[in-house]
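In what follows, a single structure is set out as structure tokens and then discussed.
The values are calculated or read from the model by the stated rules, or taken from the named source; none is laboratory data. Worth saying up front: this structure is predicted, and the values here are computed from it rather than measured. Here the Cβ positions follow ideal geometry from the backbone for every residue, glycine too, while neighbour counts run over all protein chains shown. Side chains included, ligands, DNA and RNA excluded: accessible areas come from the protein's heavy atoms. Shrake-Rupley method; radii C 1.70, N 1.55, O 1.52, S 1.80 Å.
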Amino acid sequence: MRNVGVISYATSAVARDVVHNEIEIIVPVLGEAIERSTIPKADIGFVCSGSLDYLFGGPFAFVAGVDAVGAVPPIRESHVEMDGAWALYEAWCYIQTGEVDSALIYGFSKGSSGDPLELLTVQTDPYYTVPLWPSMSDMAALQARAFMHRTGATERDLAEVAARAQRNGMSIDYAVRADANANADALLSGSPLVSDPLRESDIFPVSDGATVIVIAADDVARKHCARPAWIRGFDHRIDPMGFGVRDLSRVASATKAAQKANVSAGSLDIAELHAQFSHEELMLVEALGIDPTKTSVNPSGGPLAANVLMGAGLNRIGEVANAITAGGANRGVAHVSSGPCLQQNLVCVLEGE
Amino acid sequence: MAGLVREAAVEALADANMTWDDIDAVVVGKAPDMFEGIAMPELYLADALGAVGKPMMRVHTAGSVGGSTAIVATKLVTSGVHERVLTVAFEKQSESNATWGLSVSQPFNAALASGAGGYFAPIIRSYIERSGAPRNTGHIVAVKDRKNALRNPRAHLHIPDISLEMVEASPLLWDPIRYLDTCPSSDGAMALVIGSEAVADASKGPVAWVHGMAMRSEPTMFAHRDAVNPIAGRECAKDLYAQAGISDPRKDFDAAEVYVPFSWYEPMWLENLGFCAEGDGWKLTQEGVTAADGDIPWNPSGGVLSSNPIGASGMIRFGEAAQQVRGRGGDYQVELKTGRALGHAYGGGSQFFSMWVVGSQKPQN
């Protein structure tokens with residue numbers, strides 16, 4: 001396996017961008033990430049993106065991305081209808097073939113164009129689930145209840161996660177929801193219930209923005225970055241969708257992905273988890289085998305602070321890489337999820353040297 | 001939908017003498033989710049495709065997606081990450097109307113309620129103007145591909161009495177495209193099992209060896225964009241031929257399965273893919289060079305003009321090319337001389353391309 005490292009990361013998020021379209025949102029972030037990578041754009045071997053047509057409101061959301069990249073002369077390019085983290089996985093595999101040495105990866109969306117909680121019901125089984133139209137938060141609430149029932153976790157535990165996310169959100173410049181004084185008592189008394197037991201503060205804030213990462217292999221990474229965040233373990237797994245055919249109180253596919261990515265092979269300084277609902281953080285800490293007394297969990301605030309759909313998973317990898325490149329961490333894990341109730345999970349272990 | 005994809009996957013696994021347990025990862029491809037009204041349907045299809053507990057990915061690169069998906073799946077193997085990958089591309093167009101699915105007004109953009117035919121018709125007129133091609137050239141392709149389809153039991157359209165007169169008498173949809181110059185809206189799926197060199201060496205059945213793969217994208221619009229003969233297509237073919245050692249595609253291939261959704265795209269892609277000089281594509285079509293008994297059969301399976309489950313169509317091209325070099329072409333098997341075939345797909349407004357070359361012999365490098 002070739003050593004592949006994250007050498008550049010840039011991102012943006014706001015609650016509602018009523019001025020810019022997707023291309024205009026992507027262009028400055030893309031420019032920032034490419035400039036920071038110090039690799040000339042023409043030298044980047046492969047481009048891969050993640051987006052979702054249903055968030056765009058029309059077919060071919062990714063075409064906007066290709067236009068933003070400026071693919072003249074024509075480029076080697078591909079797209080996943082998934083979070084950009086899977087685009088990064090595809091790019092990592094491509095670099096493993098030895099045909100290219102670097103890749104540009106991005107994910108983007110304007111969640112504010114619609115109501116993502118209601119919209120993403122169209123991800124579910126079209127014959128048996130969609131007709132009931134459970135919202136994304138309704139489905140998450142089912143899972144929260146299953147988890148709370150099994151473990152004894154309480155609504156206060158969820159509120160503690162939510163409050164910490166808001167406090168941690170103060171540390172990033174793209175937080176959509178951040179409050180230095182957030183505390184569980186205030187959320188339990190003041191944040192309205194949306195899908196019992198989930199309160200507004202337990203649910204990600206709708207966000208518009210883009211996330212961009214540049215990765216490179218071996219010497220190319222070393223040449224362009226003083227301290228690349230090397231990808232040491234990378235795996236993803238999927239569970240069945242049916243809520244009745246899996247144990248909703250656990251995340252089997254996340255555990256399997258964590259095992260395959262060798263998460264437990266060393267100590268973890270940082271974990272960035274794609275927990276779009278507060279209980280998911282508790283479930284993922286358990287599923288990945290993280291000890292929160294030894295590992296800083298979602299120091300960025302995670303998706304509860306900013307959640308650009310199709311970009312927020314890539315953010316998790318970017319945040320861990322940033323911590324490593326800056327020198328504040330040496331080994332960390334990024335987790336990314338897709339589908340209702342944490343159905344599909346990707347785990348990426350990053351390390352400095 | 002679950003049954004549609006599973007049927008293809010089960011057949012591909014049986015052909016490879018494998019079971020679900022042998023598969024390391026599953027890669028799904030399809031065109032816009034709005035065609036079926038389901039966002040990221042691979043999540044719902046994980047169970048039907050035996051992907052539970054395994055890695056699963058979903059590719060979407062417009063009409064080229066079937067080809068791109070096969071390439072992504074193959075790179076998962078050539079990267080050394082996996083040994084055996086199942087890849088499936090599909091579309092169930094009966095769930096909606098593709099023309100209108102492609103014509104949704106996009107936020108911040110001028111509405112283009114044209115569908116694919118309305119989009120490509122002016123480009124075709126430009127080709128006719130440039131090349132001086134006779135107006136019946138498209139109709140010749142429409143007849144040829146439907147005649148080929150009569151030998152392919154899996155083709156959607158079987159029109160036994162297809163003739164130039166029938167095509168010429170069919171309604172004019174978007175000048176110069178008549179009804180029978182267009183592809184149908186189809187439901188369908190294609191599955192391939194991609195194995196590593198070691199897996200392929202051990203295969204009991206015939207193997208289609210991948211001799212080259214290439215993808216190229218260019219923006220929808222830029223100053224010197226040539227929509228008739230796109231730079232991205234030419235560069236993609238050039239890269240592909242260099243990998244596979246193809247110097248004269250007309251001689252070096254035994255067959256080509258090329259994405260021709262509107263009949264005129266055969267002469268246009270003959271030029272773009274370097275089978276002849278620019279401006280000469282229509283001559284090859286007129287002379288019967290691309291017919292089943294010509295010197296380089298194009299779309300012996302009947303092509304996209306006979307079956308178009310959009311998201312699957314590119315993979316069907318890649319898969320039909322593979323079946324030819326495996327000697328599994330059935331009643332439409334071409335004579336194998338060089339043992340190599342081309343699979344091609346394009347998408348969007350002809351700005352996305354994916355191609356591969358497969359051969360009956362292992363590549364010598």
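Note on chain B: helix-only mean residue ellipticity at 222 nm, from DSSP H runs of 4+ residues weighted -39500 (n - 2.57) and normalised by residue number, equals -10000 deg cm²/dmol. Using a cutoff of 8 angstrom between alpha carbon atoms and counting only pairs six or more residues apart, the relative contact order for the range B:187-321 works out to 28 percent. Between residue A:171 and residue B:362, the FRET efficiency from the beta-carbon distance, with R0 = 56 Å, is close to 0.55. As an exercise, use a Förster radius of 45 Å and the Cβ-Cβ distance of residue B:248 and residue A:35 to find the FRET efficiency, rounded to the nearest 0.05. FRET efficiency, residue B:248 to residue A:35: 0.55. For residue A:79, the residues 5 or more places off, or on other chains, whose built amide H falls under 5 Å of its own are A:49, B:60.
Nearest 0.05, what FRET efficiency do residue B:154 and residue A:154 give at R0 = 60 Å with Cβ-Cβ as r?
Values: r = 58 Å, r/R0 = 0.96.
Given R0 = 60 Å and the Cβ-Cβ separation, E is 0.55.
Note on residue B:262: accessible area is roughly 10 Å² with a 1.4 Å probe, heavy atoms of protein only. By the rule of a C-alpha distance below 19 Å, with chain neighbours fewer than 8 residues away ignored, the lysines paired with residue B:238 are B:251. In this structure the range B:239-353 gives 26 Å² per residue of accessible area when probed at 1.4 Å with all protein chains present. Here the 3J(HN,Hα) profile of the range A:193-210, calculated from phi with Karplus coefficients 6.51, -1.76 and 1.60 at θ = phi - 60°, is 5, 10, 9, 3, x, 8, 8, 3, 6, 8, 10, 4, x, 4, 9, 10, x, 8 Hz, Gly and Pro shown as x. Per residue, the convex hull spanned by the Cα atoms of the range B:254-365 measures out at 113 cubic angstrom. Taking amide H atoms as placed 1.01 Å from N in the peptide plane, the amide H of residue A:7 lies under 5 Å from those of A:214, A:215, A:216, each 5 or more residues away in sequence or on another chain.
Max-minus-min Cα coordinates of chain B on each principal axis give 54, 49, 44 Å, with the largest extent listed first. Of the complete DSSP H runs in chain A, those spanning 15 angstrom or more by Cα along the long axis with a mean Kyte-Doolittle score not below 0.5 are A:22-37. For chain A, averaging the sequence separation of C-alpha pairs within contact (under 8 Å, six or more residues apart) and dividing by the residue count gives a relative contact order of 25 percent. Net charge near residue B:215, counting Lys/Arg +1 and Asp/Glu -1 over other residues with Cβ under 12 Å of its Cβ? Charge balance in the 12 Å sphere: -3. A simple rule links phi to the HN-Hα coupling: the Karplus curve 6.51 cos²θ - 1.76 cosθ + 1.60 with θ = phi - 60°, which for the range A:344-350 gives 10, 9, 10, 10, 10, 9, 10 Hz, with x for Gly and Pro.
In this structure, the pairs whose alpha-carbon distance is over 18 Å, taken from B:144/B:283; A:260/B:54; B:75/B:204, are B:75/B:204. The alpha-carbon atoms of the range A:54-180, seen along their principal axes, cover 56, 42, 31 angstrom, with the largest extent given first.
Largest first, the extents of the alpha carbon coordinates of the protein assembly as shown on the three principal axes equal 81, 50, 48 Å. The residues packed around residue B:21, meaning those with a beta-carbon under 14 Å from its beta-carbon, carry a net charge of -1 if Lys and Arg are +1 and Asp and Glu are -1.
What's the whole-number percent of alpha carbon pairs in the range B:1-98 lying beyond 20 angstrom? Of all Cα-Cα distances in the range B:1-98, 33 percent exceed 20 Å.
Pairing chain B with chain A buries about 4800 Å² of accessible area. This figure sums both sides and uses a 1.4 Å probe. Ligands, DNA and RNA left out, the accessible area of the protein assembly as shown computed with a 1.4 Å probe is 51% carbon and sulfur.
Within the shell of other residues whose beta carbon sits under 14 angstrom from the beta carbon of residue B:263, the net charge comes to +1, with Lys and Arg scored +1 and Asp and Glu -1. Size of the range A:294-353: Rg and Dmax of its alpha carbons, in Å, are 11.7, 37.
Beta-bridge orientation, the protein assembly as shown: approximately 70 percent antiparallel, per DSSP, counting only bridges with both partners inside.
Of all DSSP-defined beta bridges confined to chain B, some 65% are antiparallel rather than parallel. If you average 1/r over all unlike Cα pairs in chain A and invert the result, what Kirkwood radius do you get in angstrom? About 20.0 Å for chain A. Per-residue shielding of B:346-354, expressed as the average number of other chain Cβ atoms within 10 Å of the residue Cβ, stands at 3.
Work out, in µm²/s and without decimals, the Stokes-Einstein translational diffusion coefficient of the range A:202-247 at 37 °C, 0.692 mPa s, Rh from Kirkwood over C-alpha pairs. List each step's numbers first, then the result.
On the way: Rh = 15.4 Å.
Reported coefficient: 214 µm²/s.
With the Cα gyration tensor of the range A:231-353 in hand, give its eigenvalues times 5 under a square root as the equivalent ellipsoid semi-axes, listed largest first in whole angstrom.
Equivalent ellipsoid semi-axes, largest first: 22, 15, 12 Å.
Taking all protein chains as shown and a probe of 1.4 angstrom, residue B:103 keeps an accessible surface of around 20 Å². In the calculated pair-distance distribution of the range B:115-174, the portion above 16 angstrom amounts to 56 percent of the Cα-Cα pairs. Taking amide H as placed 1.01 Å from N in the peptide plane, the amide H of residue A:307 sits under 5 Å from that of A:207, each at least 5 places away or on another chain.
Rounded to the nearest 10 square angstrom, residue B:190 shows an accessible area of 40 square angstrom against a 1.4 Å probe.
Separation of the range B:173-197 from the range B:134-160 is 13 Å, based on Cα centroids. Nearest 500 deg cm²/dmol is fine: what mean residue ellipticity at 222 nm does chain A get from its DSSP H runs of n ≥ 4 alone, each adding -39,500 (n - 2.57), divided by its residue count? Result for chain A, helices only: -10500 deg cm²/dmol.
Over the range A:124-199, Cα pairs under 8 Å with separation of 6+ residues give a relative contact order of 33 percent.
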